[in-house]
Structures are given as C-alpha cells and as structure tokens.
1. So how many residues does the stretch A:249-281 have that are in contact with a strand residue (DSSP E or B) (Cβ under 6 Å, 6 or more places away or on another chain), in contact (Cβ under 8 Å) with a residue 24 or more places away in the chain and closer than 17 Å to residue A:314 by Cα?
2. For the stretch B:197-220, give me each residue that is in contact with a helix residue (DSSP H, G or I) (Cβ under 9 Å, 6 or more places away or on another chain) and in contact (Cβ under 8 Å) with a residue 60 or more places away in the chain.
3. Provide a single number: the residues in the stretch B:155-213 that are assigned to a helix (DSSP H, G or I) and either among the polar types (S, T, N, Q) or facing another protein chain (nearest Cβ under 7 Å) (or both).
4. Here is a check on your reading of the model: is residue A:133 of a type outside the set (Phe, Trp, Tyr) and within 18 Å of residue A:42 (Cα to Cα)?
5. Go through the stretch A:141-177 and count every residue that is within 20 Å of the chain's Cα centre (by Cα) and either aromatic (Phe, Trp, Tyr) or under 25 Å from residue B:189 (Cα atoms) (or both).
6. Can you tell me which residue within the stretch B:131-145, out of those that are out of contact with any strand residue (DSSP E or B) (no Cβ under 9 Å at 6 or more places or on another chain) and in a loop (DSSP other than H, G, I, E, B), is surrounded by the most Cβ atoms within 10 Å (Cβ to Cβ)?
7. Condition first: within 11 Å of another protein chain (Cβ to nearest Cβ) and farther than 24 Å from residue B:113 by Cβ. Now tell me which residues in the stretch B:39-49 satisfy that.
8. Output the residue which, of all residues in the stretch A:83-112 that are among the aliphatic types (A, V, I, L, M) and within 7 Å of chain B (Cβ to nearest Cβ), is nearest to residue A:303 (Cα to Cα).
There are 2 protein chains.
Amino acid sequence: MNIKISNLGFYLPEKIETSKQLAEKIGKSEDWIISRTGVKERRVSIIDVDEMGAKAVQSMGDLKKPNLIINASGVGKQVLPDTSVFIQKVLGWSGIPSFSIHSTCLSFMTALVNASGLLSAGLYDRILIVSSERGTKGRNFNEPESASLLGDAAACVIVENDNLTKSKINYWSMSTWPEGANLTEVRGGGTARHPHDSITTFNDNLFHMKGPKVYRMARKKVYKLISQILVENELTQEDIDLVIPHQASGSAVQAYVKYGGFPKEKVVDIISNTGNCVAASIPLAMAISHDNGQLKRGHKVLVIGTGAGLSAAGMLLTF
Amino acid sequence: MNIKISNLGFYLPEKIETSKQLAEKIGKSEDWIISRTGVKERRVSIIDVDEMGAKAVQSMGDLKKPNLIINASGVGKQVLPDTSVFIQKVLGWSGIPSFSIHSTCLSFMTALVNASGLLSAGLYDRILIVSSERGTKGRNFNEPESASLLGDAAACVIVENDNLTKSKINYWSMSTWPEGANLTEVRGGGTARHPHDSITTFNDNLFHMKGPKVYRMARKKVYKLISQILVENELTQEDIDLVIPHQASGSAVQAYVKYGGFPKEKVVDIISNTGNCVAASIPLAMAISHDNGQLKRGHKVLVIGTGAGLSAAGMLLTF
C-alpha cells in the first residue's frame, strides 16, 4: 500500500507529575516506581481528550482539511457520540466523516491499517488519525504499578496516497488472544458493569493490570512476532532503521534491545518522561522521533506493540 | 470494491417487552408510545453484548473461522479491552486479530467500508463484522420517548473478496456534523464524566436524545444524501431494489417512503417489533430481509442511516 504519513503532531499537557510526587499518593518510594516501571515523570491533563487531540492537530501547523477523521484511542470522552465527533467540533470543522477505532494500545496501528485500506480503495485521499488519551483519570492508587505507568498525551498523523515516493506499508500482522482479556482491563463504563449496576465496584471504573503476567505473555508473543516479521520479509535486525514500540513499560521497551536483538539507539524510548499513554504512545514516539531527527523519510521502520486483549501487532513501514 | 456479504446472522433475545408493559414504567400510555415511536415491542437481553454477538455468529451455522473480527457497535461491554475480544472469547477462538469500530448507529456501515478497504488491499480475505447492542441497559425512564425507542439485538455478516459474482460496494458517502453532537448522547462512561467525578449525574450514564430536533436535522441531511446518491450514480428510486435504513424511529423509517420517494414495499421496516437497536439495526434489517426473501443476491441495495454525531451515511451495494 503506497501510503505516506505526510504530517505528524503531538500534544503533551503542561502539568508534569514526577514519580517523587506520585510516590506519596501510592505509598511507594520514587525509586520503587522508577525501578518497577521506568517512568520518572508523566503528564497529567486538565483538559479533556477532544481538546488534547485538537491541540495535537493544531501543532501540525497550517492545515488543509482532511476528508476523514479517525479517532484511534483506547478510552473515549463519553460513551456516545464517539470522540472523533468532539475532536472535529473543537477544531471548528463540520461535515467531515468521523469515527473511532479501538483496540486499546494498538488503536493507532489498527487505524493506520484501516486508513491505508480506505486510501488504497480510493475512498479518501487525506485521512487524519488522532490518538488522545487521559489515562491518569483512570488510575487506581491502590494498584501502585499500573498507577505509576499511565500518562496523558495526544498525537496525530495525516496519511495520504503517495505514488511518488517509496513511502508505504510493507507488512502488517496482528493477533488477539482472548485468554489474556482479563489481564488488562477497565471493567466498567459499558453494558457489563454499568455505573448504576449494584455489582459495579469503585475499582471496576479504574485501570487494572496484572503487570508481571502481561509482561510474560507479551514478551513471548512479541518475540515470535519479531522473528515472523523478519523471516517473512527476509530481513535481519540490521535492515531496520528504527523500531517504534508501544511504550508499555520501561522493561517492555528495553526488551526490544535485550531479547529482540535491536541496538539500543534504534529503539525509540520515551517512556521515562511520558509514561504509558495507551494508544497515544506509538504516534507520540513517532512524532517525537521525527521532530528530533531520529525518524527520517525513507527509513524502514518497525512499528510494534501489544495491547489489552491481549493483542500483539507489528507493521513494517517505509516512512 | 468487489466484496461479497457471504453470510448473515442475527440474535434476538427471547424476552419481549411490549409497549403496554413499558407504558407503566414511563408514565405514558401504550398508544402514546406507538404513535410517537412506532415501536410495539422490543427485546430485552439478560445476557451481555459479547454473548449476544456470539449467538448471532453461531446462527450462521457451521462456520469457517474468519481471519479478522470487527465489533461494530455503539456501546461496548466495558471500557477496555474492546468488545471484539470478548466476542472472540465466547466463540472459543484465539489468535484472530480483533478490534472495534464505533460511529454509534452507523458503526456497521463504517465497519463494512473499512472491511472492504482491508479486503481490497489483500490484507484479509474473510472478515466477520458483529454489531451487538444492549441499549435497554441505558434507558432513561424519565425520558419517555428515547426509552420507548431502544431495543436489544445482535447481528453479523461475513465479508469476503469476490471477483466471481457482481457483488460489490458501488458507492459510499458519509458526513459528520458536530453541531449535532449533543442531540443524542450518553455523556458518561468516559474521561469527560467519569463515574467517580463529582459532576457526573445519574442521567449522564443514560441515553439522552432530543428526538424532534434529531428528526428535523436528520430528515434534511438524509433527503440531500438520497438526492446526491441517485444523481451521482445516475439512478432513480426505481433502480433501487431494496432500501435498508437504520431503524431510528417509526417516522424516520417511514420518511424514506414519504419524503424519499421509495415505494413502501422496498423499504425494510422492522422497527415495530425490534425498536431502535443502535448499530445492530442495519445488519439486523439486512439479515431478516435476507431470511424472508426480501433481499436477494444481485439486488441493488441502498443502505442508509443517521447516527449520533450527527452523522449520515449512504451506501450502494450490489448484494
């Protein structure tokens, strides 16, 4: 699919919460947080996901209107309408078709693949994908590890058809294993444990993660996925210019070096200053690495990660 | 896009709630409900959306596994993981990539278009789309009109590449106007009005609709959309074999006859016995009309509707 990510933007909320500040709230030390999660500080947003997303879009500069908007986020502003509508509203636009794609932390990747399909089919020629997450609203301070991981951010890209450059998606693979469905959850907010249901507990409305179990399951699945991608594309680690992983945790990002066989300088690692920003982590890592010159036009990029489900996905991208 | 809806299924919960039974709960008469909404009875599910969706899938009979599952629903089982994971879990499958697409009542249509893009791009060759809605859980009995409209149902289709028959999507158009964002809402369940926020009210977690305003805005938009579709495809109402509209309300469905110019017998109308089943209404109307012989292979079908946003979408389909 000859598609090109022609523009990237992001928004990091102004307010920084250091792990020292968070330590008091969760009854752990700063060192405990950093050694367990790799997160030194995260952003905490006081504005909602639609405004955050719009700020990311505005950071791209003078913007020609897209002809489709996809919100690619794990948690919405409200149950309905979907968040894409509110992002469009904040941007002052009207009439642009909008919908949401949700596969938790992999939402940006699934949205990018869907956008590529729509571009290939000639249905749209300029698609805006926005991931905007305010995970700090769902932190459970009685679950110190997951509470330490989450951070707020928004990031976005414009995707267009492109037959002039070599930009394209070269490969896509995703798998979902529902036996991991209960490892990472927000059990409330839907029909199963509606806010008014008597069975719904306080914690059901907060983020819950069995961290070590997720890490073990994810590491095995991702290890196999990397091998599969390299073998099927007849590549080695050396052929990849940059790895943009989901920023699940410090150890999850480092695993791409330790077990994945990629040199440290080729793996985008922003988790210490941003935390796990759910679906926004991947486009944020992409936008920041593009800004600082790490990600360059023509680069062969491996975008990869895991999400609640448990799902794992990998994409080879010629940027 | 040469794609074919190769199989269809649906699930209607056993429990029927008549408008006479509902009348007591909302302080209105049976006649008031039927004259306002066109709904004589609706189903009320005691099982959750994942099990409902799985039952719809199982109704398709002996089933070859799909290589992608898209949940296309307005309201999820829980905030995360997304509902597709739980549908896969109930079906006893594992490893199939799964995600959700959400554009409220138009979720099935946007999912079908995205699936077509993925099929065209050669990424998948057998996609399962499931819409499963349990709107009765979010009814506000102090808002009699919207409470009378909602019903529960699940429906699904298998979409495949097909170059042997004439089956295809001939045309697609969607628009979203955020100035209508507050006309149809469930304001809670997300980051804006989290269940723990002090500003969150009881009603924020229930379905809210400004019925007459939605109807007026939607009717104008849909009227224009029909004209656009017919003109751009050089068709008249007579060239359309069947209209499958979203079952928004009795008057919304009848408007395709009264204002849209389609003969009554060509407009699929199931609202009196099922109510508005949010995203499940369109695939349910499709599956039921296929079952009863109204929808036939080779038919030129107009699938059309509106959703919270406010969005309107129309699709020309050679079935």
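1. Residues flagged as in contact with a strand residue (DSSP E or B) (Cβ under 6 Å, 6 or more places away or on another chain), in contact (Cβ under 8 Å) with a residue 24 or more places away in the chain and closer than 17 Å to residue A:314 by Cα within the stretch A:249-281 amount to 9.
2. Answer for the stretch B:197-220, where residues must be in contact with a helix residue (DSSP H, G or I) (Cβ under 9 Å, 6 or more places away or on another chain) and in contact (Cβ under 8 Å) with a residue 60 or more places away in the chain: B:205, B:206, B:207, B:208, B:209, B:211, B:214, B:217, B:218.
3. 4
4. yes
5. Matching residues across the stretch A:141-177 total 16.
6. Step one: list which residues in the stretch B:131-145 are out of contact with any strand residue (DSSP E or B) (no Cβ under 9 Å at 6 or more places or on another chain), which gives B:141-142, B:144.
With the extra rule that they be in a loop (DSSP other than H, G, I, E, B), the set shrinks to B:141-142.
Numbers: B:141: 14, B:142: 11.
The residue in question is B:141.
7. Here is the first cut: in the stretch B:39-49, the ones within 11 Å of another protein chain (Cβ to nearest Cβ) are B:45, B:47-49.
If the condition is that a residue be within 11 Å of another protein chain (Cβ to nearest Cβ) and farther than 24 Å from residue B:113 by Cβ, then B:45, B:47, B:48 are the ones that fit.
8. Narrowing the stretch A:83-112 to residues among the aliphatic types (A, V, I, L, M): A:85, A:87, A:90-91, A:96, A:101, A:106, A:109, A:111-112.
Next, only the ones that are within 7 Å of chain B (Cβ to nearest Cβ) stay: A:85, A:96, A:101.
Numbers: A:85: 27, A:96: 28, A:101: 18 Å.
Among residues in the stretch A:83-112 that are among the aliphatic types (A, V, I, L, M) and within 7 Å of chain B (Cβ to nearest Cβ), the one nearest to residue A:303 (Cα to Cα) is A:101.
Every read-out reported here was derived from the displayed coordinates using simple, explicitly stated rules and does not represent laboratory data. Computed from a predicted structure; not experimentally measured. Neighbour counts run over all protein chains shown; Cβ positions are idealised from the backbone, glycine included.
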